[in-house]
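Participant: I have a structure here, written as structure tokens, and I will follow up with some questions on it.
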Amino acid sequence: VAPMSRWRLLLAKCLDWGSVALLTILSTIRVAHPTAPENPEGILDYLHVSLVRHYVAIILSLAILALVGKVAQEVLSSVSKVRVKAVLNALHDGLFVGIPEQERYHNRVTLFRANRKRDQLKPYCRSGTQYQRSQTFFYVSEDDERQNEGVAGLAWFRNATIFIDDVPESCSTWDDCERCRAYAEATYVPPELAAKMKVRARCFLALPVRSFDGAIWGVLVIDSRKPGGIDRSRDGVVELLNSALGKML
Amino acid sequence: MGVKSQRIALPNVEGARVIVHGRHGEMVVSSSAYDVPRYVDVKVSDSENRLWITFGYIDSEEAERRDLDPNFTVLVGVNSGKLLGLEARNLSRSTGEVVISLVKAVDQQLEHATRDNQKLNYGMIRNVVKDRVAPLLAGA
């Protein structure tokens, strides 16, 4: 099903980009040649006459097509996100067993995706219902490890699974104190970024997510506010679900 | 004389892990499922004096060939850099020497590894060659 969705998504993108490109090209032609030839001779002349005569209708049709392409992209990507979210929720439920309902959101499973320039990891999908609109992103670099932020950045650069536990607790309200600085240091994030975080987890497991051809796509981060909150005896299952995720994307 | 091939399943190979000192205490770095070999194919051609070893993973990464010397070629993943295969030519030596050369070829890759996933993968491959491939070659 996933490759089919990918083709549909590509088609929707082509529709969107094609319509926008045609809109620009036809508008430029219309501005450059506002009057149609009186005695059209070749095919280009006839096309020019049609463009001038039906300009408004053509532009409107292309605008509608571009809109349809955009809507289709939204629908199709949300469909694939629903599938991804189902995997993340399954992972969350499998890892954090017996957690009281009110504490469920203390543990999260988040999939970060690299941007096109491959210098940022942005949240793509998160388990559960809390913190769904997080804008937190991490800078990453493939050349210099020091340029990588967060445990996600470490997993990205090292291209391996990273586990960090017992991170020192920060103050409940962020302050530029020693405790908060120690938290930022231990989690590899700049203090200004740590200050903005709504959740300051203390146990992290970050896994690189690769596509079928071995190229790194993003990073899966499992975190818990509780030290020792991630059960490492289930690493095998986590790794397998993570690789399944890579094949879905 | 002829070509002999055999597949060795590796269901119990666990991902390698190392403990490194992070900024605050210990950090565990382990290989991801993509870098853990699931099987190894060993093919020997007596007539050509050649040996091919191919490692199978859960993904299908394209291979890049790296000639180490006229007798040895390693195949590494173009994106991840993990070891996908080894090719040995002119096999006129004893099995022991062949295994030593194979391990040496893996070690040579280990020296040039730039990422943790490569270092962990090469370590696992080294063990697979010594523990699983060598006995097979000795019995071939």
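The values are calculated or read from the model by the stated rules, or taken from the named source; none is laboratory data. Please read all numbers here as calculations on a predicted model, not as lab measurements. Cβ coordinates were reconstructed from backbone atoms using ideal geometry, including for glycine residues, and neighbour counts include every protein chain displayed. Each accessible area value is taken on the protein alone, full model and side chains, heavy atoms only, with ligands, DNA and RNA left out. Shrake-Rupley method; radii C 1.70, N 1.55, O 1.52, S 1.80 Å.
Participant: Kindly indicate whether B:L102 is within 14 Å of chain A (Cβ to nearest Cβ), closer than 13 Å to B:V40 by Cβ and under 11 Å from the mean Cα position of the chain (by Cα).
Facilitator: no
Participant: At least 1 residues that are among the hydrophobic types (A, V, I, L, M, F, W, C), over 18 Å from B:V20 (Cα atoms) and touching a residue at least 12 places away in the same chain (Cβ under 8 Å) in each: list the strands (runs of 3 or more DSSP E) lying fully within the stretch A:100-168 that qualify.
Facilitator: A:107-114, A:120-126
Participant: A further question follows. So, restricting to strands (runs of 3 or more DSSP E) that lie completely within the stretch B:1-57, which ones have at least 1 residues that are surrounded by 19 or more Cβ atoms within 10 Å (Cβ to Cβ), in contact (Cβ under 8 Å) with a residue 12 or more places away in the chain and within 14 Å of chain A (Cβ to nearest Cβ)?
Facilitator: Result: B:26-30, B:50-56.
Participant: Sort through A:L240, A:L245 and tell me the only one that's over 22 Å from B:G22 (Cα atoms), within 9 Å of chain B (Cβ to nearest Cβ), among the aliphatic types (A, V, I, L, M) and in a helix (DSSP H, G or I).
Facilitator: Answer to the check: A:L240.
Participant: Taking into account only those residues within the stretch B:97-126 that are out of contact with any helix residue (DSSP H, G or I) (no Cβ under 8 Å at 6 or more places or on another chain) and without any contact (Cβ under 8 Å) to a residue 40 or more places away in the chain, which is farthest from B:S30 (Cα to Cα)?
Facilitator: So, considering only residues that are out of contact with any helix residue (DSSP H, G or I) (no Cβ under 8 Å at 6 or more places or on another chain) and without any contact (Cβ under 8 Å) to a residue 40 or more places away in the chain, the one farthest from B:S30 (Cα to Cα) is B:E97.
Participant: Now a separate question. Might you check whether a residue that is in contact with a strand residue (DSSP E or B) (Cβ under 7 Å, 6 or more places away or on another chain) and in a helix (DSSP H, G or I) occurs anywhere in the stretch A:61-78?
Facilitator: No, the conditions are met nowhere in the stretch A:61-78.
Participant: Of all the residues that make up the stretch A:184-227, how many are in a helix (DSSP H, G or I), open to solvent by less than 60 Å² (accessible area, probe 1.4 Å) and more than 9 Å from every other protein chain (Cβ to nearest Cβ)?
Facilitator: The number of residues fulfilling the criteria is 5.
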